[in-house]
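Read the figures in this text as sums done on the coordinates, not as results from a lab. A quick note: this is a predicted structure, and the numbers were derived from the prediction, not measured. Note that each Cβ is placed from the backbone with ideal geometry, even for glycine, and that neighbours are counted across all protein chains shown.
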Amino acid sequence: RPGDEVVSGVIIECEDAKILTITENGYGKRTRITGYTSQSRGGKGVINIRVSARNGKVVDVKAVTDDEELLAITSSGVVIRTPVEDISLIGRATQGVKIMRVEGSEHVVSIIKVKRNLEEHIEEELLEDEKLEEEKNNKG
């Protein structure tokens with residue numbers, strides 16, 4: 001259809017995954033996979049999110065689970081981190097809810113997802129490295 005474009009493709013690897021959609025004006029939503037009907041050859045697709053001047057264009061779409069966190073990055077370098085489970089689980093053809101506040105001409109440019117447990121593990125390793133470095137400095 002005129003005006004439609006593909007922003008992202010998603011591979012669903014687990015049954016409890018949800019589709020996360022984020023827009024340039026900081027709006028987003030999670031939607032159950034069951035909300036998307038299967039299309040056959042020649043299908044015109046389904047609406048994932050209602051795009052408007054309020055929420056802006058879609059930046060990215062990801063398959064996510066509740067044990068992950070989202071990092072959103074703006075055009076001015078601001079980064080926020082939020083648990084995926086805190087993002088509203090709403091229907092397919094909706095505009096989403098505010099995830100990140102953006103100011104003026106600033107807009108969301110990218111998102112990544114990270115496993116919460118991995119982040120905790122990295123933080124533990126960094127603390128351990130700091131302790132080892134501190135012990136090393138105290139000896140010398």
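Key figures for this structure:
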read-out: Charge dipole magnitude, Cβ of K and R +1, D and E -1 - the chain, Cα centre, debye nearest 20; value: 1380 debye
read-out: Helix-only [θ]222 nm of the chain, DSSP H runs n ≥ 4, -39500 (n - 2.57) each, per residue, nearest 500; value: -6000 deg cm²/dmol
read-out: Hits among lysines - C-alpha to C-alpha of Lys131 under 24 Å, sequence gap 8 or more where chains match; value: Lys139
read-out: Degrees between helix 116-139 axis and first principal axis of the chain (Cα, 0 to 90, nearest 10); value: 20 degrees
read-out: Positive-end extreme of charge dipole, the stretch 34-140 - chosen from Ala63, Gln39, His107 (charges on Cβ); value: Gln39
read-out: Calculated diffusion of the stretch 18-138, Stokes-Einstein form, Kirkwood radius summed over Cα pairs, 20 °C and 1.002 mPa s, µm²/s; value: 133 µm²/s
read-out: Given Lys18/Lys57; Lys44/Lys98; Lys57/Lys113; Lys18/Lys98, the pairs whose alpha carbons are separated by over 27 Å; value: Lys44/Lys98
